[in-house]
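The structure appears right after this line, and notes come after that.
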Amino acid sequence: MKANDHFRSECPECSSRLKRLPATRRDKSHVYCMDCGHDFGRYAFLIERYRHELETLELRLNTPTNTQTASGQ
């Protein structure tokens, strides 16, 4: 698996884009591929990785983040 595969929207095993999200957002909830059952990891960790990647991309594009926009800066 490549280092950035966890940011892909497709499943690394079957290429499906369908994900089964947890019913609750507790620390132990995992996100799975709906077609093959691949485990994408804990929901909270997956969301944090996407947020970090989005903030990095916004910095590279010199775009204000949501927190800056919300506070009026």
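Every number in this text was worked out from the coordinates using simple rules, so none of it is lab data. Only a predicted model underlies this, so the values are computations on that prediction, with no experimental measurement involved. All Cβ positions, glycine included, derive from the backbone under ideal geometry; neighbour counts span all protein chains shown.
Mind ordering 52-59, 38-45 by average Cβ neighbours within 10 Å, highest first?
Details: 52-59: 11.9, 38-45: 14.9.
The packing order, highest mean first, is 38-45, 52-59.
Given contacts defined as C-alpha pairs under 8 Å and at least six residues apart, what's the relative contact order of the range 5-62, whole-number percent?
Values: 67 pairs, mean separation 14.4, N = 58.
Relative contact order comes out at 25 percent.
Please compute the alpha carbon radius of gyration of the range 5-62, then divide it by the globular-protein estimate 2.2 N^0.38 Å. Two decimals is fine.
Values: Rg = 12.6 Å, N = 58, 2.2 N^0.38 = 10.3 Å.
So the Cα radius of gyration is 1.22 times the expected 2.2 N^0.38 Å.
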